[in-house]
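Read through the structure below, which is laid out as structure tokens, and then see the notes.
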Amino acid sequence: MKLKDVLLRDPGQTRLANNGQARLVDDRDTEKAMLELREELKSFVCEGQYADGMIKILRAFLNGGTSLPGAWVSGFYGSGKSHLLKMLCHLWQNTAFPDGATARALVPSLPDEVKELLKELDTQGKRAGGLLAAAGAMPNGGTDAVRLTILSVILRAVGLPEQYAPARFCLWLEEQGKLDHIRDAVKAAGKDFNAELNSLYVSPLIANALMSAIPDLATGPGQVRLLLREQFPQKLTDITTTEFLDAARAALRLRGHDGQIPLTLLVLDEVQQYIGTVHDRSVLVSEVAEAVSKQMNGRVMIVGAGQSALSSAPHLQRLMDRFTVRVPLSDIDVETVTRKVLLQKKPAALGNVRSTLDTHAGEVSRQLSGTRIQEGPEDRAVIVDDYPILPVRRRFFEECFRQLDAGGTQSQLRSQLRIVHDALHKRADRNLGTLIPADELYEALAPELVNTGILLREINERILQVRKDVGDLAARICGVVFLINRLKREAGMDTGIRSTKEHIADLLVDDLTADNGRLRADVDEMLKRLVDRGDLMPVDEEYRLQTREGTEWDREFRAQQNRAAADTSTVYFRREQLIGAEFESAIKGVQLLQGDAKELRKLAIHRGDTPPPAETSVIQVWMRDGWTSTEKQAQDAARAAGNESPTIFVFIPRAHPDALRDGIRDMIAAKATLDAKGIPSTKEGEEAKLSMDSRLSIATKAVQTLVKEIVGQTKVYQGGGNEVMRLTVADQIEAAAEDSLVRLFPRFKEADSGHWETVFKRAREGADNPFQVVGHAGALETHPVCQQVLTTIGAGRSGSDIRKELQAPPLGWPKEAIDAALVALHSAGVVTAVANGEVIAPKHLDHNRIPKADFRKEGFTLSATQKLALRKLYQLLGVPNAAEQLAANAPEFLSKLKGLGAEAGGAAPLPASPDTKDIADIEHLAGNERLNAIHAKAADFTARIEAWTALKELKDKRLPAWTVLDRLSGHARGLDGAKDPLEQVETIRDKRLLLDGTDHVTPVRAALAALLREEVGTLHAAHLKAHRAAEAELAGNVLWGRLAADQQASILADVGLTAPADPNLSSDETLLQHLDRKPLPTARAEIDAVAGRVQRALEKAAKLLEPKVRMVMLERTTLKTPEEVEAWLAKARATLTDALGDGPVMVS
């Protein structure tokens, strides 16, 4: 059975549509294009990200309403963006073929959701103007006329010329109903209408056809051409957004039913390349997208495409608000597409494929065994689908693609489809069992890799020459060596594939049924021959392609090897570094948590022949190796230290000395070569550097492996000479350290508990027996930790010193235990704490303040009688007075006492607050000393509390009355009869008599209130009288009487001539409210203003009745004689007579 008989698509007879590369242009007019489109639809795999992308776009359109979002399709070159968009366009409008087939019918399998969405699209399209897809690629680095460029895509989709002027001409003809007539006339003359439009301004055929269709358009063809040039000029710059929208709507209506705009998908490919780094293009594309989305009544959805996501490119970020539907594509669907398009098997052949693979399962499993991509159990599920690519090979291909094309221009769907198709085409007539070998990838990519500089031209030419001189196998070997050596070997990225004869042969197997043992032998022989020819360079068990510059680098490496071999001190120093670093790495996971308290302890590695320091709070690990000492010396040192020593003694034996020396030498030589050669300036140099980097990596890994093995043989001894035996070095050190902790901190168990934080919290809150949670029910001072703390405090110590001493050997107590004891002793009054000269209250001592505080033992004690007296005193101010809380609550008592004193007086007219300096002095004391001072003044404090309480109560009673009096006095200033009461107010204030035995406020308040009530009443009566006189004056005025009642009311409101409201003077408070709203000066001013308001009312009435009336102001003067009166009258008569010439007047 041949390979072509196995595959559903015969690779020898079928071609890959468009060579795997979709073109987003509307060229349905050509037979070739329709054939290609048919093949693309038939091979379209609508799954994974393709299906998700279609669903997103269709949903966004159908649910978008009248303002549609834009969509952005992103992905590397060849990721299938154009393919997806092309398929979406034809599925959108369900493109029909000459034989009656449709796009949707040709696609092998569409997801149900896509089908349902397309069905809903058809339904909405029938109600609208139909369905249309307009697609095109933006020109790479082309014009800045963004709107014209996008409009041309729409024009081409509806069958109009892409140029703006000819398109506008055609739209005008359509409006006139003459487009078909003109087109037919040009065609009848034997010319192509679209070609003739390119000569619009000079075409005699178009001019004559217009004269025939519209006789009165012009007097002759010449005038027609002139009119065309004027009416439809060529655009030398971009059009406006309004012009774009007008032209787009008119063009789309040509394809819509009943003059409607069809539901249109506007697809713009390569938008990112078009924008590039040009800011203005980005802005204009965003503007057009917004216009299409918001001003086409929900009929047009714009879709853009580019290599990057919008958020990852600065010039694309401004498009984010316009293209909100994101469709990212990657190469995760490559396997699915490849299997369904190229590798799908005939159902009848599946058993044959499985049988062949099972028969040769040994060869399949051998492929790249021991590497990260070797065969796994999951491969069985896909191996038949992948054949003739083995799953291991597919993973190898993927790794190569990633390294050969980090920029993403090849490692995607387009290239893989083409490579696999070409490889299948070559092997179509081979027997079942044939495989696609790894060198096929090299052969397919080599030309492009040379162009991009990844494959040196010298190497490529060398491989070509090898094929000519030695044969195909030699060239295939060189190609595979190149691919393997491009793979990364950094930690986390290393696949484990090496250019050894085994892996090279694995990747060259191209027939499972052949004698592959012979192939492996041939590969071995050919590798030797290629080395002898100088085409390959052996590096340990691997091979590198050799170049002329690579030879120079190799020569430098050999010279550096010799220097390193001679420089034993450098090798010695490097070995010490490596062994020390590996030992530290081996034990870095050891975490020492001592006891229930889980106190973290540390290890300190000490190297050298001298013993480590003895007095430390860490466990010393004395490390020595077989290159500088002997195992006996390490054992003797351990025995000499004795059974009480916490030191751990480590000896690393001298193993593989020659291999380690040579490996370190090669590391040093490779690094020195790289440093000496520097940064290469040629491609050949870069390749040589890459090879040297690989050599350094190989040497480094070999040394690391040796060092790890050497350190793995470490021997560990406890003080006294007992060897600690465990599986790993870390386990050995951890076991030894646990015993060392007991030796280093023999008294740790006295403070070992996991509940110290609870003790700390309870002690800080003032609990009776905070140590009960750690199993201690006796007196606080009898607990071992408290005893040691008191001993350490002695005559006085700082918190930091106390911690330091108690955390050091032989105690090693947890900081939490020390802090809990200090807080408990402090809360109980056994010790005092002072920071920055200020006594710390019991509940205010915390972890942060302890190291900064100075602690002293308390010197005073209180008798039961004293405590009882203090409890009574506390009770007077409502302070909690439990016996055990007296010290803790003393600050509260003193604070309340001072506050009561402050409340017993205040600002004038209150008496001054009593002096509380003696209370503040007591606040600076602490503990029992403070309580003793309070007790000494207990009688005095009791008397003060009684007196100050009485004063406070009197203050609370009289201060509101004083406030009213103070406000009344403010309104009474300047009032007749108020002088004496106001003097009394000032006397009360100045002499601070508010809390005097006699109430001086009430009589003065009553006197002032009476005076103010009388004055308010008088002014109200005067205002009322003036208002009534004003009403009478207006009532007697002829003009006023001619006004309607509503007109009069309006004028009175405008001039403010209203009757005063009766004041509410029922209480001092309502009196004050009235005076605050209308002080006495304001009331007097309102009375004086009544006459003026009458005059303004009459003026408004005159103007209302006589719109032309003018106000005439007569001279105001003092007249003393009849002659002066006559003179004034004559002058007034003349003034009024002159004014009457311009219309009626009103004397003011």
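When Ser629 is tested against (1) outside the structural domain of Gln718 (by TED's automatic domain parsing); (2) among the hydroxyl-bearing types (Ser, Thr, Tyr); (3) surrounded by 14 or more Cβ atoms within 10 Å (Cβ to Cβ), just one condition goes unmet, and that condition is (1).
Based on this model, can you work out whether Leu179 counts as in contact (Cβ under 8 Å) with a residue 12 or more places away in the chain, surrounded by 17 or more Cβ atoms within 10 Å (Cβ to Cβ), within 27 Å of Leu265 (Cα to Cα) and not aromatic (Phe, Trp, Tyr)? Spelling it out, it is not the case that Leu179 is in contact (Cβ under 8 Å) with a residue 12 or more places away in the chain, surrounded by 17 or more Cβ atoms within 10 Å (Cβ to Cβ), within 27 Å of Leu265 (Cα to Cα) and not aromatic (Phe, Trp, Tyr).
Selection of the stretch 1017-1044 for residues being basic (Lys, Arg) and not in a helix (DSSP H, G or I) yields only Arg1042. Scanning the stretch 839-892 for residues that are assigned to a loop (DSSP other than H, G, I, E, B) and among the hydrophobic types (A, V, I, L, M, F, W, C) gives Ile840, Ala841, Leu845, Ala853, Phe860, Leu862, Leu877, Val879, Ala882. So, of the residues in the stretch 743-763 that are in contact with a Pro (Cβ under 7 Å, 6 or more places away or on another chain) and assigned to a helix (DSSP H, G or I), which turns out to be nearest to Lys843 (Cα to Cα)? Only one residue tops the list, namely Ala763.
Per this entry, Asn889 is counted among residues that are among the polar types (S, T, N, Q), crowded, with 19+ Cβ neighbours inside 10 Å, within 18 Å of Val839 (Cβ to Cβ) and not assigned by TED's automatic domain parsing to the domain that holds His826.
Sort out which residues of the stretch 635-681 are buried (at least 16 other Cβ atoms within 10 Å of the Cβ) and of a type in the set (Val, Ile, Thr), and write them in order of number. Those that are buried (at least 16 other Cβ atoms within 10 Å of the Cβ) and of a type in the set (Val, Ile, Thr): Thr647, Ile648, Val650, Ile652, Ile664, Ile668, Thr673. Residues that are buried (at least 19 other Cβ atoms within 10 Å of the Cβ) and not in a helix (DSSP H, G or I) within the stretch 927-941 are absent altogether.
Taking the conditions (1) of a type in the set (Val, Ile, Thr); (2) surrounded by 14 or more Cβ atoms within 10 Å (Cβ to Cβ); (3) modelled with pLDDT under 90 in turn, Thr551 satisfies each one other than (2).
For the criterion of being on the phi > 0 side of the Ramachandran plot and either assigned to a helix (DSSP H, G or I) or within 24 Å of the chain's Cα centre (by Cα) (or both), Asp258 passes. Under the condition of being without any contact (Cβ under 8 Å) to a residue 60 or more places away in the chain and surrounded by 13 or more Cβ atoms within 10 Å (Cβ to Cβ), the residues counted in the stretch 953-969 number 9.
Here the stretch 587-611 is the region considered, the condition is being among the charged types (D, E, K, R) and at pLDDT 90 or above, and the residue that is farthest from Trp622 (Cα to Cα) is Asp596.
Looking only at the stretch 488-523, filter to residues that are among the acidic types (Asp, Glu) and either out of contact with any strand residue (DSSP E or B) (no Cβ under 8 Å at 6 or more places or on another chain) or within 20 Å of Met692 (Cα to Cα) (or both); which one of those is surrounded by the fewest Cβ atoms within 10 Å (Cβ to Cβ)?
The residue in question is Glu490.
Beta carbons closer than 6 Å, at least 6 apart along the sequence or on distinct chains, pair a first residue in the stretch 682-700 that is assigned by TED's automatic domain parsing to the domain that holds Asp662 with a second that is among the small types (Gly, Ala, Ser) and modelled with pLDDT under 80 for Lys683/Gly453.
Taking the criterion of being surrounded by fewer than 24 Cβ atoms within 10 Å (Cβ to Cβ), in contact with a helix residue (DSSP H, G or I) (Cβ under 8 Å, 6 or more places away or on another chain) and part of a loop (DSSP other than H, G, I, E, B), the residues of the stretch 79-109 that qualify are Asn94, Thr95, Phe97, Pro98, Ala101, Val107, Pro108.
Checking every residue in the stretch 936-947 against the condition of being in contact with a Phe, Trp or Tyr (Cβ under 6 Å, 6 or more places away or on another chain) and either closer than 30 Å to His844 by Cβ or assigned by TED's automatic domain parsing to the domain that holds Leu822 (or both) gives zero matches.
When the residues of the stretch 341-358 are filtered to those that are touching a residue at least 12 places away in the same chain (Cβ under 8 Å) and part of a helix (DSSP H, G or I), the one that is nearest to the chain's Cα centre (by Cα) is Val341. Restricted to the stretch 426-463, and to residues that are in contact (Cβ under 8 Å) with a residue 40 or more places away in the chain and charged (D, E, K, R), which residue is nearest to Val480 (Cα to Cα)? It comes out as Asp439. For the stretch 427-488, the helices (runs of 4 or more DSSP H) that sit wholly inside it and include 2 or more residues that are of a type in the set (Asp, Glu) are 439-452, 457-469.
One residue is enough: does the stretch 1104-1123 have a residue meeting the conditions of a type in the set (Asp, Glu), modelled with pLDDT of 85 or more and surrounded by 15 or more Cβ atoms within 10 Å (Cβ to Cβ)? No, because not a single residue in the stretch 1104-1123 is of a type in the set (Asp, Glu), modelled with pLDDT of 85 or more and surrounded by 15 or more Cβ atoms within 10 Å (Cβ to Cβ). The number of residues in the stretch 261-280 being part of a loop (DSSP other than H, G, I, E, B) and either closer than 22 Å to Arg59 by Cα or touching a strand residue (DSSP E or B) at 6+ places or on another chain (Cβ under 8 Å) (or both) comes to 3.
Only one of the numbered conditions (1) under 23 Å from Lys683 (Cα atoms); (2) modelled with pLDDT under 90 is not met by Gly479, and that is (2). Quick one: how many residues across the stretch 736-792 are among the β-branched types (Val, Ile, Thr) and surrounded by 21 or more Cβ atoms within 10 Å (Cβ to Cβ)? Of the residues in that region, 3 qualify. When the residues of the stretch 322-334 are filtered to those that are at pLDDT 70 or above and over 21 Å from the mean Cα position of the chain (by Cα), the one that is nearest to Val300 (Cα to Cα) is Leu329. Among the residues of the stretch 282-297, those that are within 33 Å of the chain's Cα centre (by Cα) and surrounded by 21 or more Cβ atoms within 10 Å (Cβ to Cβ) comprise Ser282, Val285, Val288, Ala289, Val292, Ser293. Being in contact with a His (Cβ under 9 Å, 6 or more places away or on another chain) and polar (S, T, N, Q) is a property that Thr630 lacks.
Among the residues of the stretch 573-590, at least one is under 23 Å from Leu741 (Cβ atoms), buried (at least 20 other Cβ atoms within 10 Å of the Cβ) and either within 51 Å of the chain's Cα centre (by Cα) or not aromatic (Phe, Trp, Tyr) (or both). Considered as a group, the residues in the stretch 892-913 that are buried (at least 16 other Cβ atoms within 10 Å of the Cβ) and more than 56 Å from the chain's Cα centre (by Cα) include one that is farthest from Thr998 (Cα to Cα), and that residue is Gly901.
The values are calculated or read from the model by the stated rules, or taken from the named source; none is laboratory data. Keep in mind it's a predicted model, so treat the numbers as computed, not measured. Cβ atoms come from the backbone with ideal geometry, glycine included; neighbour counts cover every protein chain shown.
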